[in-house]
């Protein structure tokens, strides 16, 4: 079996002038050293996962615990960072995800040799353009041929620009679909098929794949018992991400109590 491709980073580059950034200064001025500590913790969490992180309640509680600061302060700092453009506001408002073009550029550079950049979730960078120049085995065109080729390419480009992208092929439409309500059984299938999301859950919560599958079954049984027949996959991922840490915590406390009894 091939080794799973590692999405997260073990370390990441950070500008020495990060706290002089105009997107950081307002937050740093309002919250001081505590706010700066939260910024670093959040960045570490994002790069550990890859290039984005879901801003769930569980995520904020984890940051608060690591920084030994109130959860409310973590929420305020994150809201401030979004407000001043440190994180992409459109992605945060639409999907409750923390990312930015800067984060994605650094992640892209760090993983360029091991991770395919096709079909990435919440990706806000343009896809890399084809490199200029000629392959070693290809001979350059002469000036006349080059001019004719450019004219043809220009006409083709103008024609393509006029064509509308079908909604089903539009990447923005694909992201919006995650907000559509679908049968709860379909939500479960989509959650189970999202290998990257499941991988992050097992790593963040230190559980095995078998345990994750068990809790996914328990979650959807609970939803069905509550009469939930439809939901969006985005809402399911967000709610399950908050629900699972609480269940694991309750189970751990119950186990400890039984041991002491």
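Rule-based calculations on the coordinates, nothing more; no lab input. Here the structure is a predicted model, which means the values were calculated and not measured. Here the Cβ positions follow ideal geometry from the backbone for every residue, glycine too, while neighbour counts run over all protein chains shown.
Numbers at a glance
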read-out	value
Stretch gain in nm, segment residue 105-residue 181, where the contour uses 0.36 nm per residue and the Cα spacing is subtracted	24.1 nm
R0 of 30 Å, Cβ-Cβ distance residue 192-residue 94: FRET efficiency to nearest 0.05	0.80
Amide N of region 214-240 lying under 14 Å from the label point, which is placed 7 angstrom from the Cα of residue 254 along Cα→Cβ	215, 218-219, 222
Cα shape, region 18-107, gyration tensor, a/c 1.5 rule	rounded
Difference of contour (0.36 nm per residue) and Cα-Cα distance, residue 48 to residue 29	4.1 nm
Tensor-based shape of region 176-260 (alpha-carbon gyration tensor, a/c under 1.5 rounded, otherwise prolate or oblate)	prolate
Nitroxide proxy distance, nm - points 7 Å out along Cα→Cβ at residue 246 and residue 208	2.7 nm
Label-point separation in nm, residue 10 to residue 36, each point 7 Å along Cα→Cβ	2.9 nm
By average C-beta atoms within 10 angstrom, highest first, the peptides 203-214, 59-70, 40-51	40-51, 59-70, 203-214
